[in-house]
Amino acid sequence: CIDSKGTLHQFGSHWRAENCLDCSCGKDGMSCCSSYATPVDFDEEKCESIFDKQTCSYKVVEKADHTKECPVFTWVG
């Protein structure tokens with residue numbers, strides 16, 4: 001399999017792409033899916049979600065104080 005950057009991957013291999021997708025290569029081709037869950041049910045007036053590209057994860061924090069995390073009731077991923 002050849003990924004979007006032109007890198008060759010062997011059959012049976014797995015890797016995480018720069019855009020936080022988990023990919024695998026099989027004899028039927030290459031498949032990728034998101035490696036993270038997205039917060040969808042939280043207080044959007046008080047809080048905001050911030051995506052961290054280093055950890056491939058979201059953090060939901062208060063808009064006024066990013067050191068305070070907000071509860072999330074539903075994640076989709």
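Structure values in brief
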item: Looking only at the range 9-32, and only at residues there that are open to solvent by 100 Å² or more (accessible area, probe 1.4 Å) and at pLDDT 95 or above, the one that is nearest to residue 73 (Cα to Cα); result: 14
item: Scope the range 5-27; condition part of a loop (DSSP other than H, G, I, E, B), without any contact (Cβ under 8 Å) to a residue 24 or more places away in the chain and under 21 Å from residue 53 (Cβ atoms); matching residues; result: 5, 7, 17, 18, 19
item: Per-region count, the range 33-58, residues open to solvent by 100 Å² or more (accessible area, probe 1.4 Å) and either touching a residue at least 24 places away in the same chain (Cβ under 8 Å) or of a type in the set (Lys, Arg) (or both); result: 2
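The values are calculated or read from the model by the stated rules, or taken from the named source; none is laboratory data. Predicted, not measured: the structure shown is a model, and the values here were computed from it. Don't worry about glycine lacking a Cβ; one is built from the backbone with ideal geometry, like all the others, and counts go over all protein chains shown. All accessible areas refer to the heavy atoms of the entire protein, side chains included, with ligands and DNA or RNA removed. Shrake-Rupley method; radii C 1.70, N 1.55, O 1.52, S 1.80 Å.
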